[in-house]
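The structure appears right after this line, and notes come after that.
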Amino acid sequence: MTTYKTIRGTHIVSVTSDPPSPVNGQMWYNSTTRTIKGFTSNPVGSWATGGSMNTARAMLKGAGTQTAAIVFGGGQPPDGARTGKTEQYNGSSFSEVNDMSTTRQQHAGTVGSYTSALAFGGENPGATYIANNESWNGSSWTEVADLNAARYVHAGAGTDNTSALAFTGGGDPGAADIANNESWNGSAWTEVGDVNTKRGNPGGAGASNTAALLFGGYSEDETAQQAKTESWNGSTWTEVNDMNTARSSIGSAGLTYTAALSFGGQEPTVTGKTESWNGTSWSEIADLSTSRQNLAGAGSTSLGLAAGGRNPGTSRLTSTEEFTGAGLDIGAWTTGVAVNVARSQGGGAGTREAALFFAGYGPSDGSTLNEVFKYSTVRLE
C-alpha cells in the first residue's frame, strides 16, 4: 500500500528505491535510505529580475540577504562621481536611507547583515585612496577606527560591524599592490598574514575574520585577469582550486568560505558568468541576464543578489538580479520551546526559510495552547 509524508502541504510518496525517471519538481521519501529527495531540471540555478535601485552606480558594495540587503557607495553617472548613498532592499523595492559620511567607490565591506555592516577603504572624490572606516547600525553610519593601510579595489569578509577582514587590493597611487590583510575586532584593525598572490578588484566571501575566501581579480601589473582562489583559516592563506574563468571586478556572495558565488566581472570583456564554490572546486552555473562588472553582491549560494554595476556599454545600472540556486525547497515543522503562558489568538514570525508559530486556540472546548512550532526549509540539491 502506498503511504505519504506530508511536508509543507505537499504529499510525498514513500518508496523503497528512487524512481528511475523522475519529472521536474517530483519529490519522494526513500524508506530504505530514510531520506527525502527531489528532482529538478534546473541543475544550475537561475537569475530573475529584482527591484531597481534609486541611484544608478558602479563600484559599490552590498551586504545582507536577497530579501534584506543594503547597497552603499559607488560611482554615479555620468562621470563616476563618488557617492555615499545607501539604500535598503526588502526583496521587492529599494528605499534610500542615511548616507555614509565619506563618499567613496571601489571600497570593501562586510557581507552578512543589512543592519550591522562596515564600509572600509576605497577611493574618494579626489581619487585618493583612503583608510576611512564606517560602521552601520541599521539606521546610520558612524566613523570608527581607520585601517592601518589605505587601500582600494580590495575585498572584505564578515557578517557584521564587530568582526571583519580586509584583504589585498591597491595601495597608494604608484605603489605596489598590498599583500597584507587586516582583521577588525569591533574597535581596531590588526595586520595579519599576507595573501600568496597580490591582486586588485577580487571577490571575497566569509562570515568572520577567521574564515574567508578570496578569488579572481587582476594581476599586480593590471595586464591580466586572475582565476586564483585562496582560503583563510584565521592565520594563513592557502591556495586552492582556481575559478574556471579568470576575471576581475566581480560580484560575490556567501557567508562561508566553503560556499560562495562569483558573478559578472571582466574577462577582459564584461561578462555575466556565474560560478559556485562548494569548498573544494568551482562549477559554472547560470549566467546573469545582464552582463555587468563593478557590481555589488549579497546573499548566499542558494539565494543571491547582484546589484548595479556597469554593462558592456559602460552605462551605470540601477537594475538588480536575484539568484535561486539549483534544487528544490521543502520544509518541515519541529516542536520548539513552549511559551510560559498559554494564550489564544496565536501568532507567528520569521521568514519563509525559518519561522515560528506559537500559541492559539485549543481543541473544540476552546482551551488555549502553549506549544511553539518551528518551521525550517530544507534544500534538496
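Mind running the shape call on segment 46-324? Use the C-alpha gyration tensor, a ≥ b ≥ c as the square roots of the eigenvalues: rounded below 1.5 for a/c, prolate if a/b tops b/c, oblate otherwise. Cα axes put segment 46-324 in the rounded bin. In terms of overall dimensions, segment 53-211 has a Cα radius of gyration and Dmax of 14.3, 43 angstrom. Label zone (E239, point 7 Å along Cα-to-C-beta; backbone nitrogen cut-off 17 Å) within segment 183-216: 194-200, 214-216. Backbone phi angles across segment 110-118, fed through the Karplus curve with coefficients 6.51, -1.76 and 1.60 (θ = phi - 60°), yield HN-Hα couplings of 6, 10, x, 9, 8, 10, 8, 9, 10 Hz in residue order; Gly and Pro are listed as x.
Along its first, second and third principal axes, ordered by size, segment 40-137 spans 50, 30, 24 Å in Cα coordinates.
With the cut-off at 1.5 for a/c, could you classify segment 157-284 from its C-alpha gyration tensor as rounded, prolate or oblate? Write down the numbers at each step before the final one.
Values: a/c = 1.81, a/b = 1.20, b/c = 1.50.
Here segment 157-284 falls in the oblate category.
Please identify the chymotrypsin sites (Phe, Trp or Tyr not before Pro) of segment 130-165 that satisfy two criteria: DSSP loop assignment and at most 16 other Cβ atoms within 10 Å. Which are they? Of the chymotrypsin sites (Phe, Trp or Tyr not before Pro), not one in the loops of segment 130-165 has a Cβ with at most 16 other Cβ atoms within 10 Å.
Both the radius of gyration and Dmax for segment 193-259 are 11.1, 31 Å, in that order, over alpha-carbon atoms. Could you tell me which of the pairs K228/K273; K61/K228; K37/K228; K37/K61; K61/K198 are separated by over 27 angstrom between their Cα atoms in the structure shown? Correct reply: K37/K228; K37/K61. Once the chain from N196 to S95 is taken as fully extended at 0.36 nm per residue, the excess over their C-alpha distance is 32.4 nm. Projecting the Cα atoms of G73, L214, W237 onto the dipole axis of segment 46-324, where Lys and Arg carry +1 and Asp and Glu carry -1 at the beta carbon, places G73 farthest toward the positive end.
Here, each number is a calculation from the coordinates, and none is a lab measurement. For clarity, every value in this text was computed on a predicted model and none was experimentally measured. As a convention, Cβ positions derive from the backbone with ideal geometry for all residues, glycine included, and neighbour counts pool all protein chains shown.
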